[in-house]
Amino acid sequence: MKKLYTSLLLLLSCLFAIQAQDCGDRYKTVGFPDTPVEHLDLQYSSGMVTIGGNSLDLEMDIYEPANDTLAERPVILWIHGGSFVAGSRGDMKFLCERFSRRGYVTATMTYRLYDQFAIPDSTGMYEVVVKAAGDAKSAIRYLRKSYEEGNPYGIDPDQIFVGGISAGAILAVHVPYLDDEDDVAPFLQGLIDENGGIAGNGGNDGFSYEVSGVISLSGGIAVLDWMENNDEPLISFHDTGDGTVPYAGGYANVFGLPIAYLHGGALLHEKAMALGIDTEFYSYDTDQHVSMVGASDIEETDQRIADFLYRQLDCYAGESVSIEDEVDLQISVYPNPSNGFLNVEHNESARILLHDLLGRELLHESSQGGTALDLSALASGVYLLQVQTALGTWKQKINLK
């Protein structure tokens, strides 16, 4: 039996920085139940040319927690879905309100869609994604610009997260992970150059579009190698049988037609783990698209996102745990490699989760002091064990013989 006192303390020091007392319940629970304060129809960019040649002014809605006295709050920019041919920023009002009630400033934006009277081909879809990604970056710059102009929405410019549903999640993933240093196919590089370069041509120049983390609800990325070490933290969700955006690798569909190859949530998570990016992935065994925001799942999804973002916040990571601190979290996992049975011992109330390397959840149970897991029904291979406690989430790969 191997006790992991020192290594775990160092891991917690680096990754989780136990600061729950500073954040308190804010951001993790609903502390502002009243209807959020709305700032609607804010123009963040003007005269943007669509793929159909039309000129479009782009607008944003911002929501603040009601009756909040904190001067600067972290921000979540929520991007709507619709296969890049439909949808509106109002579609994301429900998530904006949910997270504003937790203490965040939230925002949602209009972006350029495919507006030609024809079914988009892959080239057209790549172009509209490039334009829309530039719009998202402009929207993030607008938020930081508003801070410099008196901060009317009470934001913290150093803590801006981006998330989305479906097409919006695709944008949310590409905004931080595709940069100037990545290897990009010549035809795509041409589209990027024509639309103002990697930063886009949406204005609000002179401000950063960097984000502190990514929330992907059924999103994907075109090239996995665009993700790199030390990239932004990622929480992602996906349905295994999603026919619109692939769960792993496959073609995204518009009007039922395969348009562009994407690597979905399962592969995003696998790549993030390989790179050491702070990541969580939740898999849903359905043939639906974005089931995790349906009526039966939204409360759990909402809490999972809130818990993940909580660990990324400055108020959580301000101080680290030292060896001298009296933290007596004890975890033992044995035997590893396992012959089909695994003992997990700990001295804190915990949730025990086991995933395969595609991120599919295979086991999920609560434990008060330890448990013996029967893994004999699983195939030989490598799995990811998580022990989630109030002090953070401890992870270890398990080799199953």
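The values are calculated or read from the model by the stated rules, or taken from the named source; none is laboratory data. These numbers were taken from a predicted model, which means no experiment stands behind them. With ideal geometry, Cβ positions are generated from the backbone for all residues, glycine too; neighbour counts draw on all protein chains shown.
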Please give the helices (runs of 4 or more DSSP H) falling wholly within the range 1-120 in which 2 or more residues are at pLDDT below 95.
5-15, 20-23
Only one of (1) at pLDDT 95 or above; (2) surrounded by fewer than 19 Cβ atoms within 10 Å (Cβ to Cβ) fails for Glu194. Which number is that?
(1)
Residue by residue through the range 202-230, note down the ones that are under 24 Å from Ala260 (Cα atoms) and either surrounded by fewer than 20 Cβ atoms within 10 Å (Cβ to Cβ) or out of contact with any Asp or Glu (no Cβ under 8 Å at 6 or more places or on another chain) (or both).
Ile215, Ser216, Leu217, Gly219, Gly220, Ile221, Ala222, Val223, Leu224, Asp225, Met227, Glu228
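For (1) under 30 Å from Asn253 (Cα atoms); (2) touching a residue at least 12 places away in the same chain (Cβ under 8 Å); (3) touching a Pro at 6+ places or on another chain (Cβ under 8 Å), each residue gets a yes or a no:
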position: Ile140; (1), (2), (3): yes, yes, no
position: Tyr153; (1), (2), (3): no, yes, no
position: Phe161; (1), (2), (3): yes, yes, yes
position: Val175; (1), (2), (3): yes, yes, no
position: Ile192; (1), (2), (3): yes, yes, no
Filtering the range 233-258 down to residues that are under 26 Å from Val211 (Cα atoms), over 15 Å from the mean Cα position of the chain (by Cα) and either touching a residue at least 60 places away in the same chain (Cβ under 8 Å) or surrounded by 17 or more Cβ atoms within 10 Å (Cβ to Cβ) (or both) yields Asp239, Val245, Pro246, Tyr247, Ala248, Ala252
Go through (1) over 20 Å from Val223 (Cβ atoms); (2) modelled with pLDDT of 95 or more; (3) in contact with a helix residue (DSSP H, G or I) (Cβ under 7 Å, 6 or more places away or on another chain) and name the single condition Ala136 misses.
(1)
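Residues checked against (1) without any contact (Cβ under 8 Å) to a residue 60 or more places away in the chain; (2) within 16 Å of the chain's Cα centre (by Cα):
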residue	(1), (2)
Gly220	yes, yes
Asp231	yes, yes
Ala260	no, no
His269	no, yes
Of the numbered conditions (1) at pLDDT 85 or above; (2) outside any strand (DSSP E or B); (3) within 30 Å of the chain's Cα centre (by Cα), Ser376 satisfies every one except a single condition; which is it?
(3)
Subset tally (residues that are closer than 22 Å to Gly134 by Cα and not hydrophobic (A, V, I, L, M, F, W, C)) for the range 94-114
6
Identify, please: which residue in the range 390-401 is surrounded by fewer than 16 Cβ atoms within 10 Å (Cβ to Cβ) and of a type outside the set (D, E, K, R) and is, among those, modelled with the highest pLDDT?
Asn399
Taking the range 304-352 on its own, how many of its residues are modelled with pLDDT of 85 or more, in a loop (DSSP other than H, G, I, E, B) and either within 24 Å of Pro157 (Cα to Cα) or aromatic (Phe, Trp, Tyr) (or both)?
3
Please verify whether the range 148-160 includes one or more residues that are in a helix (DSSP H, G or I) and over 23 Å from Asp278 (Cβ atoms).
yes
